[in-house]
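Step one of this worksheet: look at the structure below.
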Amino acid sequence: MSDLTPTPATSAQENAPSQSGEVRHTTTFFLPPASPDTRSQSDAPVVRPILPEGEAILQPPMDNTPNDAPEDAPHRIPNLGHALLFLAITGLFLFLTQFLILGFAHPSAIGNKASAISSIPPKLLIGTEALTYILALAVSWFVFPLLWKRPFPTGIDANPDAARRNALRLIPLGLTLSFAVQAISTVIAIPKDIPMDDFFRTPSDVWLVTLFGIFLAPLFEEILFRGFLLPAVAIAYDWLSLPRTPAAREFWNSNNKISTPAYVFSAVFTSILFALLHGQQTAFTWPVILLLFCVSLILSAVRIRLRSVLASTLIHASYNFTIFLTAFIATGGYRHLDRMNR
């Protein structure tokens, strides 16, 4: 058994899948119903043994989602359409918050010119991004259960029990990853002036970025990448790999499995997107992007292994916490920010 273990499933719903003195910035991390005799074993009631604390019940290929309604065919969620809807909701709120808040405060920024954007106070930029994340999650909390016929946390495989049970393993893993990336970053030639530096001009800016980077950004990014995109891309992979035969179509409609190759492909693909999303913060310094790609692969592996988005969120938050803790110590409690680029 692995050291990292999900909460033993006791019901169909619970069985869902699931340096030197210089401080260098690293990115913070975002068909007809099948007949009963054709259903997979995952859709039938299963008596699970009660295992000791720390034991795991995992039998890959894993169920994508539980089938709580026996009269319905199994569902694979979130699919690609759900992921695109989540991105559309986020994009809409991002546009509205920037148009309303940034437009009133800095009308010149609406043109998206680099000079105009750079003149916007970091507090306003972080504020609009935080508001976007909160609104997108709030709306998604009510919209997606209507599509999934199950609560939002269940649909994205939040699984807080797995995160709680493994917290003493997940947090050190996040801290270790962060220290390793920061140590490697000290020998990487990072440009002197990178976009992230704009958020480290004043102590109040840094405190705001710290709170955002530890609490809200990891949660949103993990829901996006590991909650929506990871299963969505894997489901699309399996669908495209499916032979175009009646038997294959019947098999697809009779179970909700996601294959191991699909998860591997999706983990790699979404990790590329994750690394590129954060690349702009370090002026696309490719060695740093490669490091972030590897970190994302680990986050994806933990999310798949524990069937828990909150487990990968805990690692992500611990990772970011270590970055800000290093900066906090090196700058004397954010009082000497000039040390950041020495």
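Put simply, when 222-228, 128-134 are sorted by average Cβ atoms within 10 angstrom per residue, most first, you get 222-228, 128-134.
Beta carbons within 10 angstrom, averaged per residue: use that to sort the peptides 307-317, 150-160, 182-192, 85-95, highest first.
On the way: 307-317: 28.0, 150-160: 20.2, 182-192: 13.4, 85-95: 16.2.
In descending order of packing, they fall as 307-317, 150-160, 85-95, 182-192.
With the convex hull of its Cα atoms as the shape, region 107-249 has an orientation-averaged projected area of 14.4 nm². Each listed q (0.16, 0.20, 0.24, 0.31 Å⁻¹) maps to a log10 I(q)/I(0) for region 158-212, found by the Debye formula over equal Cα scatterers with no solvent: -0.79, -0.94, -0.98, -1.07.
Under 8 Å for C-alpha pairs, at least 6 residues apart: give me the relative contact order for region 196-309, rounded to a whole percent. Contact order relative to length: 26 percent. Kirkwood-type hydrodynamic radius, region 196-342: 17.2 Å, calculated from all non-identical alpha-carbon pairs. Strictly greater than 13 Å: what percent of every Cα pair in region 193-248 meets that? The share of Cα pairs beyond 13 Å in region 193-248 comes to 72 percent.
Since every read-out is calculated from the coordinates, none of them should be taken as a lab result. Note that the structure is a prediction, hence the values are computed from the model and not measured. Reconstructed Cβ throughout: ideal geometry from the backbone, glycine too, with neighbour counts over all protein chains shown.
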